[in-house]
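Below you'll find the structure, written out as structure tokens, and then a few comments.
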Amino acid sequence: MSRQFALLLRGLPGTGKTTTAALLRNALNPAVRVSNDSVRYMAQPRDFAAFTLDASERACFDLALSYHDSGFTPIVDGVFEDVETLISEELRFARRGCKLVIVSFTAEMSDLIERNDLRHPLQRMDESRLAKLQASFRNAGYALSIGGKMPEEVCEDVLDVIEERRSQWQEPPVRPEEVDVLFLRHGTPEHPEGIYADPFAMGLSPCGRAEARAARHAVLRFAPDAVFSSDFARAIETAELAIAGTKREIEISKALRERVFLQLVGKEFTAIRAELDAEAEGILTGNSDLAQLPGEERYAEARARVLDFFGSLPGRFGGKRVLVVAHDGPHQWLVEQALGVDLQGVRRYRWDAGSFSRFTVSPSQIRLEGMNIGPSAVVSGLETGAV
């Protein structure tokens with residue numbers, strides 16, 4: 001059964017949410033129960049004020065997402081009266097690559113009163129409050145009657161609901177002539193101060209390693225069929241950290257290199273400025289598109305190298321998903337191709353370290369599906385990001 005979902009059991013007090021959640025936790029192992037009552041009781045005051053309830057419900061959803069990211073199936077239970085909030089949470093979960101399955105337990109008032117009387121005295125609710133709750137309670141998601149059922153029967157009904165919904169969660173397969181490309185920018189590197197870095201030796205900074213690890217859950221959700229990295233150290237290290245748990249091998253490709261000037265490696269910036277004068281500024285500030293040094297790869301050559309690599313993907317990986325870990329330059333040339341523009345020398349968009357862009361590559365075209373997507377927004381289905 002797919003693990004890309006969380007379950008919300010909502011209903012009035014006495015509908016058996018606690019017992020059913022415990023049974024489902026065992027059935028869906030590894031799973032975790034997140035009780036709204038338990039979360040609310042951790043705070044002071046322990047009341048039913050809107051302030052307290054809103055805070056505990058938000059905390060339940062945040063905790064559920066955290067467990068989901070760690071590989072558990074979260075099972076949240078509580079009253080959760082506000083249907084509009086649930087709709088927004090469904091969207092938030094979807095953008096984190098998780099389907100939120102909402103099941104609303106329903107029962108007649110006479111049944112609720114009978115169940116309420118059977119509860120421990122400290123857990124019983126005043127009948128007038130119970131009646132008020134029932135009058136205002138609105139169903140959301142799948143309405144499931146618990147009348148005359150044992151918790152085990154309700155548990156089986158919920159499992160049936162999940163099974164029924166599974167067919168709706170399957171992402172349409174990638175078209176045979178296309179490749180779904182997730183492009184991950186390497187994490188922040190450990191730049192040597194005042195020196196033109198050796199790209200084959202410059203790895204990630206502590207921040208960059210954290211960014212690469214943060215990308216891991218997005219990569220797992222994307223489930224790549226193949227993984228490519230440039231042969232520069234910062235990209236390889238990012239790829240190694242990001243694909244942990246995928247059981248995929250990294251194919252190293254020099255075609256995915258950033259354009260650099262190898263004759264400058266190890267030289268101090270002051271010496272480069274003295275040697276190259278005005279041309280040095282673009283090279284040292286990260287916008288070297290217009291710079292050219294004798295014997296080094298030309299801009300047009302670097303762009304053609306990268307586009308040739310992506311142009312070869314449909315023939316090799318048609319109908320599959322490919323993760324590429326590389327740099328800003330190759331990313332820019334792929335964006336150019338998708339938009340039909342020339343961005344040489346232009347640096348007017350953001351693409352943060354450790355963030356993703358998504359492309360569909362076919363023999364006839366490249367489509368930009370989303371750019372500068374944070375790890376939490378990368379899902380199995382198509383998700384657009386900030387452009």
Inset, instruction - Answer yes if at least one residue in the stretch 38-47 is touching a residue at least 24 places away in the same chain (Cβ under 8 Å) and touching a helix residue (DSSP H, G or I) at 6+ places or on another chain (Cβ under 7 Å), and no otherwise. - result: yes
Inset, instruction - Can you work out which of the residues in the stretch 237-257 that are of a type in the set (Gly, Ala, Ser), assigned to a helix (DSSP H, G or I) and in contact with a helix residue (DSSP H, G or I) (Cβ under 7 Å, 6 or more places away or on another chain) is least open to solvent (accessible area, probe 1.4 Å)? - result: Ala242
Legend entry - Cβ pairs under 6 Å, 6+ apart, first in the stretch 243-268 and farther than 13 Å from Ser230 by Cα and of a type in the set (D, E, K, R), second open to solvent by 40 Å² or more (accessible area, probe 1.4 Å) and modelled with pLDDT of 95 or more: Glu268/Ile195
Inset, instruction - Please specify each residue of the stretch 351-370 satisfying the condition of being polar (S, T, N, Q) and assigned to a strand (DSSP E or B). - result: Ser357, Thr360
Inset, instruction - Kindly establish whether Arg273 is at negative phi, in contact with an Asp or Glu (Cβ under 9 Å, 6 or more places away or on another chain), assigned to a loop (DSSP other than H, G, I, E, B) and at pLDDT below 95. - result: no
Legend entry - Only listed residue being over 26 Å from the mean Cα position of the chain (by Cα), among the β-branched types (Val, Ile, Thr) and either modelled with pLDDT of 95 or more or within 29 Å of Arg316 (Cβ to Cβ) (or both), chosen from Ile195, Ile146: Ile195
Legend entry - Qualifying positions in the stretch 328-347 - within 21 Å of His186 (Cβ to Cβ), assigned to a loop (DSSP other than H, G, I, E, B) and not aliphatic (A, V, I, L, M): Arg347
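The values are calculated or read from the model by the stated rules, or taken from the named source; none is laboratory data. It should be emphasised that the depicted structure is a prediction, and the values quoted were computed from it without experimental measurement. Every residue, glycine as well, gets a Cβ built from its backbone with ideal geometry; the counts of neighbours run over all protein chains shown. These accessible areas exclude ligands, DNA and RNA; they are computed on the full protein's heavy atoms, side chains included. Shrake-Rupley method; radii C 1.70, N 1.55, O 1.52, S 1.80 Å.
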